[in-house]
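This report refers to the structure that appears directly beneath it.
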Amino acid sequence: MCIRDSPIGSLWLVATITYVLIRRKFHGARGLIIPAAAIAAFAVVHWYLANIATFEVNWPNKAFFYFNGADQLDVYGSRYQWISLISVGIFLVWLFQECFHWKQYSAVRKPLCVTAELYTVAFCITALLPEDLRLHPNSSWIGLVVYRITLVSAILALAALGNLNPRGWATAALTTCAAAFFLFLYQDTGERNRLEANVEAITAQLPYGTRVISNLEPAPDSRIIFIEHVVDRACIAHCFVYSNYEPSSQQFRVHVLPGSPVVTSSAGDSQEMGSGNYVVQESDPPLKSIYQCVPGDLTKVCIRDIPVGATTAAPEPPDDNDQ
């Protein structure tokens with residue numbers, strides 16, 4: 001959830017505690033007023049952002065039911081989606097089976113209802129939220145809101161799952177899904193490790209203080225899209241990532257003043273540099289670009305100088321001798 005640089009976790013904790021305390025004061029059908037009011041409040045926020053807000057708002061490009069919490073399993077590619085779909089199917093069948101024995105579980109009925117209600121509220125709120133928004137053209141984006149907050153739905157779904165009666169078939173099926181998930185994760189993180197090792201090797205050769213721009217691209221179907229941060233780590237004690245968005249956003253511990261030779265002071269320029277649309281100016285320091293240069297292998301990287309007047313976009317795939 002990126003607790004380090006996002007208040008989502010703390011806000012969720014406070015909101016959940018407040019919700020539960022208020023909910024306890026209402027019983028029976030009257031209690032439904034609370035979840036309905038919470039969902040209605042966010043429906044108003046959704047309407048405002050979609051119809052009245054003058055700042056930039058981006059909405060998720062997938063159907064709302066995709067963000068049910070199981071999407072947190074869709075890490076690096078489409079094969080993870082099969083795991084999440086199968087896991088959801090197992091949970092639904094398990095829950096349906098337990099409904100036939102509902103009277104036998106009076107001890108867990110209340111906590112199951114509480115977690116199920118919290119999950120429903122979280123799921124509906126997530127469906128109403130934008131993915132990204134930017135309050136001012138020169139400010140940084142508040143991004144990946146939905147992709148982050150579905151972790152809340154995932155946690156609540158697991159809490160509900162913990163209240164179900166253990167079933168041998170469900171345990172075996174979920175264990176198989178977990179084994180496949182961690183096998184895929186091992187393979188894919190190994191590829192990312194090779195990418196980071198190659199970036200570390202190429203930055204280690206740079207003179208201290210070199211300014212670089214990361215133009216690394218993720219796999220087309222990967223959920224992890226900001227892989228350019230491997231350059232940030234590799235540059236420690238070697239170089240400066242001139243396009244780093246954190247200082248210019250003024251939202252992190254390290255801020256930057258206009259004219260800094262270390263990092264751009266413009267949030268807009270930072271975004272354009274990373275996307276490859278920025279045109280290098282004479283006032284910019286000498287810049288180098290780190291990019292993937294072997295078609296079909298995202299772990300192989302090259303480095304090039306970016307001349308004044310050129311864009312920061314990665315060049316077309318080079319010939320074999322252009323390294």
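Results, tabulated for the structure shown:
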{"quantity": "Environment charge at PHE240 (Cβ cut-off 12 Å; Lys +1, Arg +1, Asp -1, Glu -1)", "calculated": "+1"}
{"quantity": "For the range 222-302, the fraction of alpha-carbon pairs in successive 10 Å shells from zero, as %", "calculated": "16, 48, 30, 6"}
{"quantity": "Relative contact order (percent, whole number), the range 187-323, Cα cutoff 8 Å, 6+ residue spacing", "calculated": "26"}
{"quantity": "Highest-MSF residue in the chain out of LEU32, LEU216, LEU144 [GNM, Cα springs under 10 Å]", "calculated": "LEU32"}
{"quantity": "Taking only Cα atoms of the range 15-70, radius of gyration then Dmax in Å", "calculated": "15.1, 42"}
{"quantity": "Note, ³J(HN,Hα) from phi for the range 112-126, Karplus 6.51, -1.76, 1.60, rounded to Hz, x at Gly and Pro", "calculated": "5, 5, 5, 5, 5, 5, 4, 5, 4, 5, 4, 5, 5, 5, 4"}
{"quantity": "For the range 165-323, radius of gyration divided by Kirkwood radius, i.e. Rg to Rh on alpha-carbons", "calculated": "1.10"}
{"quantity": "5 Å-binned pair-distance histogram of the range 100-209 (Cα, whole percent)", "calculated": "2, 9, 10, 11, 12, 13, 14, 10, 7, 5, 4, 2, 1, 1, 0"}
{"quantity": "Extension reserve of the LEU135-LEU257 stretch, reckoned as 0.36 nm per residue once the Cα distance is removed", "calculated": "41.9 nm"}
{"quantity": "Using a Förster distance of 35 Å, the FRET efficiency for ASN51-THR120 (Cβ separation, nearest 0.05)", "calculated": "0.85"}
{"quantity": "Ratio Rg/Rh, restricted to the chain and using Cα atoms, in which Rh is the Kirkwood radius", "calculated": "1.04"}
{"quantity": "Probe 1.4 Å, protein heavy atoms only - accessible area per residue of the chain in square angstrom", "calculated": "58"}
{"quantity": "Extension reserve of the GLN250-LYS110 stretch, reckoned as 0.36 nm per residue once the Cα distance is removed", "calculated": "45.9 nm"}
{"quantity": "Chymotrypsin sites (Phe, Trp or Tyr not before Pro) within the range 160-263: DSSP coil, no more than 15 neighbouring Cβ in 10 Å", "calculated": "TYR208, PHE226, PHE252"}
{"quantity": "Which of ALA313, GLN271, TYR291, positive extreme of dipole for the chain (C-beta unit charges)", "calculated": "GLN271"}
{"quantity": "Accessible area of the range 136-194 belonging to carbon and sulfur atoms, whole % at 1.4 Å probe", "calculated": "70"}
{"quantity": "Dipole in debye (nearest 20) - the range 210-310, about Cα centre, beta carbon charges: Lys, Arg +1; Asp, Glu -1", "calculated": "260"}
{"quantity": "Helix-only CD estimate at 222 nm, as mean residue ellipticity for the chain, using -39500 (n - 2.57) per DSSP H run (n ≥ 4)", "calculated": "-16000 deg cm²/dmol"}
{"quantity": "Karplus 3J(HN,Hα) series, Hz, for the range 51-66 with 6.51 cos²θ - 1.76 cosθ + 1.60 (x for Gly, Pro)", "calculated": "10, 10, 3, 9, 8, 6, 9, 10, 9, x, 9, 10, 4, 4, 6, 5"}
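The values are calculated or read from the model by the stated rules, or taken from the named source; none is laboratory data. All figures in this text were calculated on a predicted structure; none of them were measured in a lab. FYI the Cβ positions are ideal-geometry reconstructions off the backbone, even for glycines, and counts take in every protein chain you see. Side chains are part of the model used for accessible areas, which takes the heavy atoms of the whole protein and leaves out ligands, DNA and RNA. Shrake-Rupley method; radii C 1.70, N 1.55, O 1.52, S 1.80 Å.
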